[in-house]
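A short worksheet on the structure shown next.
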Amino acid sequence: MASRVDNLYFFIVAVTAFFAVLVSVLVIVFAAKYHTKDPLAVGQPIHGSMPLELAWSIIPFLISVVIFAWAADVFFDLQRPPDQTIEIYSTAKRWMWKFQHLDGQNEINELHVPVGRAVKVTFTSEDVLHSMFFPSFRVKADAIPGRYSTVWFTATKIGEFHLFCAEYCGTSHSGMIGKVIVMEPAAYQAWLAGGVGSGSLSQRGEQLFNDLACNTCHRSDGSGRGPSLVNKFGAPVELANGTSVAVNEAYVRESILTPQAKLVAGFQPLMPTFQGLLSEESVIALVEYVKSLRTTGGGGPRTASEPSATAPATPQNK
Amino acid sequence: MGDAVAVHGGHGDAHAHHHPDLQHHFDTLEQQHEAATLGMWLFLITEVLFFGGLFLAYMLYRVWYPVAWAEASRELDIVLGAFNTAVLIGSSLTMALAVRAAQTGKQRATVVWILLTMTLGFVFLIVKYFEYKEKFEHHHVPGPNFVFEGPEAGPAQIYFSLYFLMTGLHATHMIIGFFIMAVIAWMAHKKRFTPEWYTPVEITGLYWHFVDIVWIFLFPLLYLVDRAGHFA
Amino acid sequence: MASTPLTYLNHEHSVASWLLTKDHKRIGVMYLVVVTLAFFLGGLFATLIRLELATPAGDLLSNDDYNKMFTMHGVVMVFFVLIPAVPAILGNFVLPLMLGAKDVAFPKINLLSWYVFVIGFLFTVYAMVTGGVDTGWTFYTPYSSRASNSNVMMTGIGVFITGFSSILTGLNFMVTIHRMRAPGLTWFRLPLFVWAVYATSLVQILGTPVIAITVLALAVERGLHFGIFDAALGGDPVLFQHMFWFYSHPAVYIMILPPMGAISEVIACFSRKSIFGYSFVAFSSLAIAIFGFLVWAHHMFVSGISVYSALVFSFLTYAVAIPSAVKTFNWTATMYKGAIWLKAPMIWAISFLALFLVGGLTGLITAALGVDVHIHDTYFVVAHFHFIMVGGAVMGFFAGLHFWWPKITGRMYSEIWAKVAAIVVLAGFILTFGPQFILGYLGMPRRYHVYPDEFQVLNVLSSAGASILAVGYLIVGIYLMASLFKGKHAGANPWHATGLEWTTQSPPLPHNFEVQPIVTREAYEYSSQEVTVG
Amino acid sequence: MVGHISPKSTYYAVFAALMVGTAITVAVAFVNLGSFNFPVAIGIAITKATLVVLFFMHAKYSSKVIKLFVGTAFFFLAILLGMTMTDVLSRGLKTYPGGAGGSGYGERAPRVPGAAPAASTEGQH
């Protein structure tokens, strides 16, 4: 993607440079050629030219349309991660980036990724606006409290690259930086395997699920007072008010924090709110656990080494 | 748009019959009147967009939180709201009649109609005061002491924030209107207006009608949300 | 010399005669004084910023102090320099003269605008003196409403109050243009500066109330703990950005349209021919004002708006670029076969053209969705908007100021120093902001107090340029001041220009014209040889 | 002077129409029209406002310039509301198939505390 952004960028630079040089040269040539020191001299009475006006309105417009279309195409691809990605979660807070890998590793202000594989980072903010900016990969998105954002990229070179916070967030805004460490796949596997005894992210979610006694109601066989969560992620669900909603990260998060906001049809509003009781990281672990509850296609915890082919949420596959 | 090429005679002509209320930089009373009314209209345009920002916030959250809007709106008293709407429309009528009285040179009638307008406006504010008081007693004022039962407490607080901002700004406009009307009534009492020159009455009228229009929107937006119980 | 003629400057002398004046010319001069003060204050903040950034470490200012510097630089320069500079200074002074009117439509309101402006400025200065403000001039929530510990309220009040000054000025000018034109001065005989001010006034009237309500909503959220944008209650922080940019993007046109108008006057005058494509230049001002309201969310492409919405706003952004391009081409074409008299205002105008060209064209880069994801909130954007707002608006302001200075003061400044200053400012400006484009594309985010070492070389270049720029502005201040005391008398029309403002004496009479002017000719009829020589 | 003088009967008629409009808008609010209650209420309000502008404020008898400006105000209000709502309403639309059911980028805000300001989250690490 980075090279596509660069190609577009240099194309626009070339086009605009052409016009800048054209106008500058004309101004200089006219100023030199028609220069006079006689204050009473007058210029020729030219009042305008309709063909010229039309030409310099329409031609720049057409060029603009080309730039717009090209840029929109690149933009859509920047917004649309491929099906097969390594998923990473992140939480921004003043003034650090915390990353959670599916396999359970946590890191702060550092992000280890393998070369040549698409990586998708899903993130939110715990306090004010931040912006996750990877200049080397030409991607950026604001971290917004109460909401999940994503960026995705594929690193093509091994090495260390910048991570910046690009949305002003107060005192240490310029200290809210980190690095992406791009590794050989083998080294990455070794890094994944090292450390962490606390289990994968979805295992941590499961632990929380049990500790908070979610499992007493949300039983997998559907006999509990709350709906079973198995196979729910990625599919639409009927709500008590007659509408339906797609079960995605945002919906799961909302249902944990304000359960009665979008009640599933056929259930009573019994669940207490977990608002203020859970950190964003814990919510993410629970979300990931709900995601992992699948009976088909390799249930159980997902790992980074086994890239996720997430359930198609919408039919319009491209 | 080419209307403003002032068709007045030369320089001397304008001073021939100099009206005491003609300011030095205008040539005719008519030019002065047109400038003043155009200025007032332009001011009202800025007012439309001033309230427009709040309408935007209102619309966004109403689309997002229909249930909260329905529940919170039910905390308002529809009878008081409708009564106040009638009162304010009535005050608009009396204001229009005040302008008409000024146009036709009836100074005393002008004073009476303006005072009547002020009275109706005052009734409106009294009712508003009791409504606010009730909100305070029920802890429906946004902030740390806000209380609202149920899962919709968050969005309901946004509703009440908008309620107080919108009605508060509206009431502020009315209070400003009182001061202006008081001055105008005094001027009318002093027989300052004539059928040739009643511009201050007219632009005050424009302002007051605008205040009325704002309320014409606020009433259904704030009081009449989902009374039929579609969402909750 | 014979007895000094009566002018608006000398007919009364007391301080009260200035502070209570309803004369648009004196009010214009009063704005000039306050805006100049604000400009040097904002410039001081800029100096500290560039000094700090000369090294990668945060060694001159603490991080909080640095954050306050760029915030206060932005607030002062945007709200107290750029927005009032051309409309309130030059507009106030020359607009009624250009129309052949005795004053603006509402002289008392005009004076009130000045007081409101000064009160707003005092609030803001008070906020700065008592601890400063650190939210960035954009005041994004939730940082401004919940997290910041600085004087957000006081600054917000200052901006809110100043907004009314801007609204009242716009209202006044619009009514003046509609109702106060001299006999025979039809819409298509108006100087293009008047068209530009008209378009600007439209933006002021339609846009400013929205920033006022936005700041008010922010104030109740911060002060009374209301929730309008609060994500904790389910509010949308992005809504704040929508409301903020609905004004603040068109505000860029408040800054740039009037200088564009001044440039049209200067280029026509010093090419000594009528402007090329008068009606296109006139209508492009209106087109910019109207289209300018349709593009605001291009500041928000990575802020979490819908991608479809981003698409629409990006497209419309390209649409608004066209009228600006049309203006530029028309100015260039005006010079063709002219009799170009390279006096100081023309040098400033050509410098404007060069910088505005770069600023406008880099706008095409930032408007491109795929590229903007990368360069948003980097130094690329900083460089882009400084090219527009300083390279464009301030250069255009100086072109206009040099053009009308003889009319305002009755004195000529040093021609040679004016040209030197124009060149110094141009060079300093390019050296300051040129490297920032590269910095931005390399990924340096804006509002960074410390930065990685690899960005130092470009930052040092930028800081060096800033020092040249500062010298350039100081030169301007010095020779303009000197001209007040030692300048040659200008005469009514030193540039042999058309336009009603040049038909009265310099400085003008208290009531502008001896006799009510009657217009019988089109604007810029240089070729008819009837221009009065002063 | 030139100002238009309306007969008193016009004012009383407009007043009556406004009162009737108020009665209708209250009455119709209690009828379940589904999602049409809101547009109907706004429609009645716009009608009432138009009556006030045209007759009480004499816009009907005013110059073209004033009519143009009244239109301008509502045109730009429509832009402010309309273009912002286009964003808000299209945020939920999926843009990337397979993107984990839309991971929420551009999704509407959940109604909850993103663990608001720093105070509540300080000291967790």
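Some notes on this structure:
- Residue within region B:206-229 that is surrounded by fewer than 21 Cβ atoms within 10 Å (Cβ to Cβ) and touching an Asp or Glu at 6+ places or on another chain (Cβ under 8 Å) present: no
Here's the yes/no breakdown for (1) out of contact with any strand residue (DSSP E or B) (no Cβ under 8 Å at 6 or more places or on another chain); (2) within 29 Å of C:His249 (Cβ to Cβ); (3) of a type outside the set (D, E, K, R):
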residue: C:Leu361; (1), (2), (3): yes, yes, yes
residue: C:Leu369; (1), (2), (3): yes, yes, yes
residue: C:Asp372; (1), (2), (3): yes, yes, no
residue: C:Ala383; (1), (2), (3): yes, yes, yes
residue: C:Ile388; (1), (2), (3): yes, yes, yes
residue: C:Met395; (1), (2), (3): yes, yes, yes
residue: C:Thr409; (1), (2), (3): yes, no, yes
residue: C:Glu415; (1), (2), (3): yes, no, no
residue: C:Lys419; (1), (2), (3): yes, no, no
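- Residue within region C:355-365 that is in contact with a Pro (Cβ under 8 Å, 6 or more places away or on another chain), within 7 Å of another protein chain (Cβ to nearest Cβ) and either closer than 30 Å to C:Phe139 by Cα or free of Cβ contacts under 8 Å to residues at least 24 places away in the same chain (or both) present: no
- Conditions (1) facing chain A (nearest Cβ under 9 Å); (2) closer than 27 Å to C:Gly400 by Cα; (3) in contact (Cβ under 8 Å) with a residue 40 or more places away in the chain; (4) within 21 Å of the chain's Cα centre (by Cα): number failed by C:Tyr336: (4)
- Segments classed as helices (runs of 4 or more DSSP H), wholly inside region C:5-80, with at least 2 members that are touching a residue at least 12 places away in the same chain (Cβ under 8 Å) and of a type in the set (A, V, I, L, M, F, W, C): C:24-52, C:63-75
- Being under 28 Å from C:Ala523 (Cβ atoms) and within 14 Å of another protein chain (Cβ to nearest Cβ) is a property that C:Ala497 has.
- Test: residue in region B:136-147 that is more than 22 Å from A:Gly146 (Cβ to Cβ), of a type in the set (Val, Ile, Thr) and under 22 Å from the mean Cα position of the chain (by Cα): no
- Test: residue in region A:31-40 that is buried (at least 20 other Cβ atoms within 10 Å of the Cβ), facing another protein chain (nearest Cβ under 7 Å) and over 30 Å from A:Pro114 (Cα atoms): yes
- Scanning region A:232-253 for residues that are within 10 Å of chain D (Cβ to nearest Cβ) and more than 26 Å from A:Ala143 (Cβ to Cβ) yields A:Ala235, A:Pro236.
- Among residues that are more than 24 Å from C:Phe246 (Cα to Cα) and hydroxyl-bearing (Ser, Thr, Tyr), C:Tyr140 is not included.
- Residues of region C:432-457 classified as within 14 Å of chain A (Cβ to nearest Cβ), touching a Leu at 6+ places or on another chain (Cβ under 7 Å) and of a type outside the set (Val, Ile, Thr), total: 2
- Test set (1) crowded, with 20+ Cβ neighbours inside 10 Å; (2) more than 23 Å from the chain's Cα centre (by Cα); (3) within 14 Å of chain D (Cβ to nearest Cβ) - A:Leu229 fails condition number: (3)
- Applying a threshold of 6 Å to beta carbon distances and a minimum spacing of six or more residues, or different chains, the list of pairs starting in region A:287-303 at a residue that is in a helix (DSSP H, G or I) and ending at one that is modelled with pLDDT under 70 and of a type outside the set (Gly, Ala, Ser) reads A:Ser292/A:Pro301; A:Ser292/A:Arg302.
- Condition met for A:Glu254 (under 31 Å from the mean Cα position of the chain (by Cα), acidic (Asp, Glu) and either in a loop (DSSP other than H, G, I, E, B) or surrounded by 14 or more Cβ atoms within 10 Å (Cβ to Cβ) (or both)): yes
- C:Lys327 meets the conditions (1) assigned to a helix (DSSP H, G or I); (2) facing chain A (nearest Cβ under 7 Å) in every case but one. The failed one is (2).
- Residue within region C:176-184 that is crowded, with 22+ Cβ neighbours inside 10 Å and in a loop (DSSP other than H, G, I, E, B) present: yes
- Filtered residues of region B:25-43 (kept if farther than 30 Å from C:Ala212 by Cα and more than 7 Å from chain C (Cβ to nearest Cβ)): B:Phe26, B:Asp27, B:Thr28, B:Leu29, B:Glu30
- Flag for A:Thr154 being touching a residue at least 24 places away in the same chain (Cβ under 8 Å) and more than 11 Å from chain C (Cβ to nearest Cβ): yes
- From the options C:Phe188, C:Phe193, C:Phe160, residue that is in contact with an Asp or Glu (Cβ under 7 Å, 6 or more places away or on another chain), of a type in the set (A, V, I, L, M, F, W, C) and part of a helix (DSSP H, G or I): C:Phe193
- Taken over region A:29-81, the criterion of being under 16 Å from A:Phe19 (Cβ atoms) and of a type in the set (Val, Ile, Thr) is satisfied by A:Val29, A:Ile58, A:Ile59, A:Ile63, A:Val65, A:Val66, A:Ile67.
- Residue pairs meeting the criteria (Cβ under 6 Å; at least 6 apart or on separate chains; first closer than 16 Å to C:Phe240 by Cα, in region D:66-90; second hydroxyl-bearing (Ser, Thr, Tyr)): D:Thr86/C:Ser309; D:Asp87/C:Ser306; D:Asp87/C:Ser309
- Residue among C:Leu192, C:Leu202, C:Leu206 that is touching a residue at least 24 places away in the same chain (Cβ under 8 Å) and at the interface with chain B (Cβ under 9 Å from one of its Cβ atoms): C:Leu206
- Residue list for region C:143-172, filter: within 14 Å of chain A (Cβ to nearest Cβ) and of a type in the set (Phe, Trp, Tyr): C:Tyr143
- Test for C:Glu525: is it in contact with a Pro (Cβ under 9 Å, 6 or more places away or on another chain), among the charged types (D, E, K, R) and at pLDDT 90 or above: no
The values are calculated or read from the model by the stated rules, or taken from the named source; none is laboratory data. Given the structure is predicted, the values throughout are model-derived calculations rather than measurements. As a convention, Cβ positions derive from the backbone with ideal geometry for all residues, glycine included, and neighbour counts pool all protein chains shown.
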